[in-house]
Amino acid sequence: MVDVDKKIKYAMIAIGLAIVLFIILGIPTALVPNPFLNYVRMIPATPLDYFFLATTSVLFAVLISLKLYYKSEKQVGAKELAGGAAGFITFSCPICNMLLVALLGGATIMAFIEPLRPILGVISIAILSYLIYNTLHCKECVATGTTTVT
């Protein structure tokens with residue numbers, strides 16, 4: 001019974017974290033309206049932007065919650081941040097992202113990054129899903145006494 005309570009606790013942590021991430025990532029990308037930031041996207045938001053925002057938030061929250069649940073010694077590292085960053089680029093306005101504009105220029109972004117945003121979203125989902133699978137798989141290996149995959 002204690003294990004069920006622990007699972008419910010970490011499921012609730014994942015749900016709360018997903019909501020917080022949705023808000024934190026949605027406000028600066030103007031996908032979540034708010035009265036404090038008077039910001040308008042230069043490229044209108046599409047349903048795909050909202051899908052990738054929600055998916056990235058949920059997957060990243062589940063991954064963090066699993067790491068907390070299993071008391072993983074491996075912290076959030078480069079792979080996790082790469083999946084999150086790819087997701088953020090996917091649903092953010094590429095013209096409004098000052099870092100991308102400064103690094104690549106507006107014409108380069110519209111020619112190369114804008115058409116690749118859906119592909120980056122799929123890559124982000126794949127990376128985060130793989131990391132979730134790997135976290136679950138390795139913990140099952142440890143529980144059964146078999147060799148772990150790293």
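The values are calculated or read from the model by the stated rules, or taken from the named source; none is laboratory data. Keep in mind it's a predicted model, so treat the numbers as computed, not measured. Cβ atoms come from the backbone with ideal geometry, glycine included; neighbour counts cover every protein chain shown. Please note that ligands, DNA and RNA were not included when accessible areas were found on the heavy atoms of the full protein model with its side chains. Shrake-Rupley method; radii C 1.70, N 1.55, O 1.52, S 1.80 Å.
Residue under question is LEU63, and the condition is that it be in contact with a Phe, Trp or Tyr (Cβ under 9 Å, 6 or more places away or on another chain), at pLDDT 90 or above and not hydroxyl-bearing (Ser, Thr, Tyr); does it hold? No; evaluated as a whole, the condition is false for this residue.
The set of residues in the range 42-69 that are under 16 Å from PRO94 (Cα atoms) and either surrounded by 15 or more Cβ atoms within 10 Å (Cβ to Cβ) or among the hydrophobic types (A, V, I, L, M, F, W, C) (or both) comprises MET42, ILE43, ALA45, LEU48, ASP49, TYR50, PHE52, LEU53. Being more than 22 Å from LEU81 (Cβ to Cβ), part of a helix (DSSP H, G or I), open to solvent by 70 Å² or more (accessible area, probe 1.4 Å) and out of contact with any Cys (no Cβ under 7 Å at 6 or more places or on another chain) is the requirement here; does LEU37 meet it? The answer is no for LEU37. Of all the criteria given as (1) under 14 Å from the mean Cα position of the chain (by Cα); (2) assigned to a helix (DSSP H, G or I); (3) at pLDDT below 85, the one not satisfied by ALA82 is (3).
Based on what the data block shows, is LEU31 in a loop (DSSP other than H, G, I, E, B) and out of contact with any helix residue (DSSP H, G or I) (no Cβ under 9 Å at 6 or more places or on another chain)? No: the conditions fail for LEU31. The requirement of being within 23 Å of ALA18 (Cβ to Cβ), among the β-branched types (Val, Ile, Thr) and either modelled with pLDDT under 85 or open to solvent by less than 70 Å² (accessible area, probe 1.4 Å) (or both) is not satisfied by VAL149. Would you check which residues across the range 109-128 are open to solvent by 50 Å² or more (accessible area, probe 1.4 Å), closer than 26 Å to ALA61 by Cβ and among the small types (Gly, Ala, Ser) and list them? Scanning the range 109-128 gives a single hit, ALA126.
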